[in-house]
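Everything on this sheet refers to the single structure shown next.
Just so it is clear, none of the values below were taken in a lab; they were calculated from the coordinates. Just so you know, these numbers come straight off a predicted model, no measurement behind them.
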Amino acid sequence: MANSNRGSVSLKAGDKEYTLSFSVNALCELEDAFGMPIQKIGSIFNDAENITVKDVRKLICAALHDHHPEVEINEAGKIATDAGLPSCMEKIGKAFQLAFPEARGNANPRIARSSAR
């Protein structure tokens, strides 16, 4: 079952429901599949004129692997067919956004504050 608090969303495909998420491992898998950093992959996803169906299939396959490790690229394509590409695009977009939550306040999580002065 998908849990948006943990960065996952549900994708209904036919009579089955799948869970999509972009963990660090899934993001690394995408970088390997696309041969580019995740920031560039995100910009491709946001460019509707240049994203290909192959790209969508790669995104779905990587997003499935945390919860459905048995799914390979061709099965990801079948799942995309059953779910419909518009639904896949919407759910991938949501899962991708959940993988990169916006920072709140002025905190910078990369910089630890020193308690001693």
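Of note:
- Debye-sum result for region 4-99 in log10 I(q)/I(0), which assumes one identical scatterer on each alpha carbon, at q = 0.10, 0.15, 0.20 Å⁻¹: -0.21, -0.49, -0.92
- Extension gain, residue 97 back to residue 43 (0.36 nm per residue minus Cα-Cα distance, nm): 18.2 nm
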